[in-house]
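Pasting a structure below so you can have a look.
The values are calculated or read from the model by the stated rules, or taken from the named source; none is laboratory data. Not measured: the values here are computed from a predicted model. Neighbour counts run over all protein chains shown; Cβ positions are idealised from the backbone, glycine included. SASA here: full protein model, heavy atoms, side chains in, ligands and nucleic acids out. Shrake-Rupley method; radii C 1.70, N 1.55, O 1.52, S 1.80 Å.
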Amino acid sequence: MKPISMSSRKQSGFGLVELMVAMTIGLILLGGIGYVFIGSRGAFRTTDNLSRIQENARYALDMMSRDIRMAGYVGCGNIASMITNTIANPPVPPMTAGNALLGYNNGAGWTNPSSITRAAGDVISVMGAFSGGVNLTGNLAPQNANVQINANPDGFETGDVLIVTNCVNADVFKATTVSSGGGTTITVNHSNSSNSGNRVGTYGKDAFVMRMNQYSYFIGTNTAGNRALYRVGLNGSAEELVEHVEDMQFRYGLDTNSDGAVDSYSSAPGTWTQVVSVTVNLLMRSPDNNVATSAQSLPFDNVTFNATDRRLYQVYSATVAVRNRLPAM
């Protein structure tokens, strides 16, 4: 029998053409998968950045709205109908209806008490009582250099600016010492080292003490080099609220005939006691660059804002009533 040679056996496998076709199909599938991945990643980045913008804007508007509503609050009633006296020494400003709410167009005229440099936008300052009230228990006559309260639930401390009121009279003073005592009588001193003159009100045990402050909102640059919304109080310590706030503008609703309704709007009112509402406009930007397909242009504060990068930009607005200047319901 003749042996079978190796060359006569049937050969099997892929030819060059088959291999090229298989590689082409594989590349097409790989490209499709990559395209889907890139699209999904881009959609995720867009959605994530939009969510961050909305979250920051919502928080910023909520914080400012809450304080703007309380501008001029001294415990009860309208500050314009009360006798308000400030004995705290400067830099504590007098608590009056005229400076309970003040705006500074593009920061003009505003004195920054903090170490954070203003970067852009308007500034608004609101002054009022921002804590719960604690009833008085002793030393109620004006000649006393202290007041006594039966507890300290709001944690009054030395150096705090406080206001005592009975809805007829109100006195603003700085606490020079606050005694400890837990649930017993707490003595809050307001000596001449930080105050001048006597209180104008003679208070009964229905009067109460609250913490008073003047908060200013402005845009500064944080340590990461991003613009951020800051709030600074009378102590000069600025707290960063949210970052990526590109610009901030205010328009003020004016009641020019004292009927409690807005008659006109202005970005720079001549009489601040006429302001009964505030419209807050924020221009927010996304944390990430190269999210938008091209540089955006959008209207903001009656002008066109032209972006110089490919971040996402959105405008958010809210109109807030100054409750202490509206008619009682």
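Would you calculate, for the chain, the mean residue ellipticity at 222 nm contributed by helices, counting each DSSP H stretch of 4 or more residues as -39,500 (n - 2.57) and dividing by all residues, to the nearest 500?
Value at 222 nm, helices only, nearest 500: -6000 deg cm²/dmol.
If each residue of separation counts as 0.36 nm, what is the full-extension length gain between Asn106 and Ser264 once their alpha-carbon separation is subtracted?
54.8 nm
Angle between the Cα long axis of helix 16-69 and the longest principal axis of the chain, 0 to 90 degrees, nearest 10?
Tilt of helix 16-69: around 0 degrees.
I'd like the accessible area for Asp62, computed on protein heavy atoms only with a 1.4 Å probe and all protein chains in place. Round to 10 Å², please.
Taking all protein chains as shown, Asp62 has close to 90 Å².
Something else now. I'm spelling it out carefully: the read-out is Cα extents along the principal axes in Å, the candidates are [x] 135, 50, 38; [y] 50, 44, 42; [z] 61, 58, 38, and one was derived from this structure. Which label?
[x]
Set the Förster distance to 56 Å, then compute FRET efficiency between Thr256 and Leu30 from the Cβ-Cβ distance, nearest 0.05.
Efficiency at R0 = 56 Å is approximately 0.20.
Which log10 I(q)/I(0) values does region 61-209 give at q = 0.19 Å⁻¹ under the Debye formula, counting every alpha carbon as one identical point scatterer?
-1.18
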